[in-house]
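The values are calculated or read from the model by the stated rules, or taken from the named source; none is laboratory data. Since the structure is predicted, the reported quantities are computational estimates derived from the model, not experimental observations. Counting neighbours? That spans all protein chains shown, and the Cβs are built from the backbone with ideal geometry, glycine included.
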Amino acid sequence: MPIALAAMSHSPLLGRVDPGPDTTSAVESAFDSVRRFVKDFDPDLIVCFSPDHYNGFFYDLMPPFCVGYNAVSIGDYGSQAGPLDVPADTSRALAEYVLDQGVDLAVSLRMEIDHGAVQPLEIVYGSISAKPVIPVFVNSVAPPFVPLARVRALGAAIGRYFANTEQRVLFLASGGLSHDPPVPRLATASAEQREALLGGGRHLSPDARDERERRVIRAAHDFVAGKADIKELAPEWDERFLDIVAGGDLSSLDSWSPQWMTDVAGNSSHEIRTWVAAYAALAALGEYRVDFRFYRPIKEFLAGFAVTTAVLE
C-alpha cells in the first residue's frame, strides 16, 4: 500500500507579484523539498483535491464534491492549458465506490479546472500531463458549504478505495490557508457579477480574462499597501490548522463552522477543505507523520502560504 501525501497552498500571484528575495527564496526552498519528496516517492497515480474559482463550477449547479472522468485546464493566470491524463476507468470505479460508501458525489465527464488544480502539478513536474491524475473538486469558494465532517467522510472513502492498491498513489491537496481574495460573493454581487457566478463567467474572452487577472494583481498591491478592503491573514489560525493535521486527529475540525472560518480567516479559507479531504484519505489507511512543514503569511500572494508532505508510519 504505497501511499503518500503532499499539500500546498496555491496563488495566481506566484511569479506575478514580488514578495521580496527572502520570501521568494523560502517559498522556492519549500517547493524544492516537495519536488524531492514526490520524485523519491515516484507515484503511478495522483489524486488531486482542489477547489475552483468560478472557472469550471458555477451556481447554475454547484456540487459539494465532484470526481472527473476527464479534465482540461483552462489556462488562467498563465497556467498550462490543455487536457490532463485522467484514467477514466479508475476515476469511474473510485466514484462508484465513494457513492457506495454513502458519500454524495457528482461526476463530470468533461471537468474544466483552473490554476487551483494545476499549479501544484506545474510546480512539481513542470507539466500538467506528466502523471495520471484523478481530479477531485471540493467546493471551497461558493457558499453554502457542507460541514467539515462530510469532507472528512469524502477523504476517508477515497482512502479506503486505495487500501489494497499496488499502485503508488499520491494524495495531492491544493489550497488555503487563510485568505480573502477579491472574489465576488453571491450575497453582495451586482447584477453583472451575479450573472457571471451563475455561469456567464464560463469561457471568458481573452480581454475579460485579462481584466479579471489584473484586478487580482491590483488587489495584492493594495493589500500590501494597507489599502485593500479584504480581511487580514490569520497566521495563528493557520498554524492551529497545521498543528491539527500534523497531529492526526482530524475530528476536532468538525466544530469549525463555515461562518466562523469566514469571520476569522477570510472567505477563501474554506480551501483548507482540500487538505482535510487529502489528510482524511491518508488517515483512513493508518497512522501518518508529517515529515515536512513550511508556513509563511505572504500578503503579496494574498494567502497564508503552506506546504506539507506526509507518509504512513
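Key figures for this structure:
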| item | result |
| --- | --- |
| Test: residue in the range 106-113 that is under 16 Å from the mean Cα position of the chain (by Cα), under 30 Å from TYR295 (Cα atoms) and not hydrophobic (A, V, I, L, M, F, W, C) | yes |
| Residue that is surrounded by 15 or more Cβ atoms within 10 Å (Cβ to Cβ) and modelled with pLDDT of 90 or more, where the choices are LEU198, LEU170 | LEU170 |
| Residue match in the range 241-251 (condition: hydroxyl-bearing (Ser, Thr, Tyr) and without any contact (Cβ under 8 Å) to a residue 60 or more places away in the chain) | no |
| Selected residue (only one of ALA284, ALA208, ALA220, ALA278 is farther than 13 Å from LEU177 by Cα, of a type outside the set (Phe, Trp, Tyr), surrounded by 16 or more Cβ atoms within 10 Å (Cβ to Cβ) and modelled with pLDDT under 95) | ALA220 |
| ARG215 being more than 19 Å from the chain's Cα centre (by Cα) and under 20 Å from VAL38 (Cβ atoms) | no |
| Any hit, the range 68-81, residues being over 28 Å from VAL17 (Cα atoms), surrounded by fewer than 22 Cβ atoms within 10 Å (Cβ to Cβ) and either more than 17 Å from the chain's Cα centre (by Cα) or of a type in the set (Phe, Trp, Tyr) (or both) | yes |
| Candidate set: the range 292-313, residues that are over 16 Å from ALA219 (Cβ atoms) and of a type in the set (D, E, K, R); chosen: the one surrounded by the fewest Cβ atoms within 10 Å (Cβ to Cβ) | GLU313 |
| Complete set of residues in the range 234-261 that are outside any helix (DSSP H, G or I) and under 20 Å from the mean Cα position of the chain (by Cα) | ALA234, GLY248, TRP256, SER257 |
| Listing of helices (runs of 4 or more DSSP H) fully contained in the range 127-233 that carry 1 or more residues being in contact (Cβ under 8 Å) with a residue 24 or more places away in the chain | 148-161, 206-224 |
| Qualifying residue in the range 55-65 (condition: farther than 23 Å from LEU177 by Cβ, out of contact with any Gly (no Cβ under 7 Å at 6 or more places or on another chain) and either crowded, with 21+ Cβ neighbours inside 10 Å or free of Cβ contacts under 8 Å to residues at least 60 places away in the same chain (or both)) | yes |
| Restricting the range 102-134 to residues that are in contact with a helix residue (DSSP H, G or I) (Cβ under 6 Å, 6 or more places away or on another chain) and under 20 Å from HIS203 (Cβ atoms), the residue that is surrounded by the fewest Cβ atoms within 10 Å (Cβ to Cβ) | ASP114 |
| Single condition LYS299 does not satisfy, out of (1) of a type outside the set (Phe, Trp, Tyr); (2) at pLDDT 95 or above; (3) at negative phi | (2) |
